[in-house]
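Remarks on the structure that follows.
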Amino acid sequence: MPRQCCVFPGMEHDEPYMAHVAPGQSGEMIWTFNRAGEFDFACLIAGHYQAGMVGTIRVLAD
């Protein structure tokens, strides 16, 4: 059964390190890392982390 995402009125933000992306859409965020390694990231909207909206970014050394 597909999961449905909910709209949370008042959850809009103006954080420079976050982006809102509509369901089924993609977005782009440019981030400069200062070291190699694996870094976790996740959606910060309540319940989205628990629903699996997480990932890992692997940064390789030059």
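The values are calculated or read from the model by the stated rules, or taken from the named source; none is laboratory data. Predicted, not measured: the structure shown is a model, and the values here were computed from it. Glycine gets a Cβ as well: all are built from the backbone with ideal geometry, and neighbour counts include every protein chain shown.
If the condition is being loosely packed, with under 10 Cβ neighbours inside 10 Å and at pLDDT 90 or above, then the range 27-49 contributes Asn34, Arg35, Glu38, Asp40. Being modelled with pLDDT of 90 or more, in a loop (DSSP other than H, G, I, E, B) and exposed (fewer than 10 other Cβ atoms within 10 Å of the Cβ) is the filter here; which residues of the range 51-62 pass it? Once the filter is applied, which keeps residues that are modelled with pLDDT of 90 or more, in a loop (DSSP other than H, G, I, E, B) and exposed (fewer than 10 other Cβ atoms within 10 Å of the Cβ), the range 51-62 yields Leu60, Ala61.
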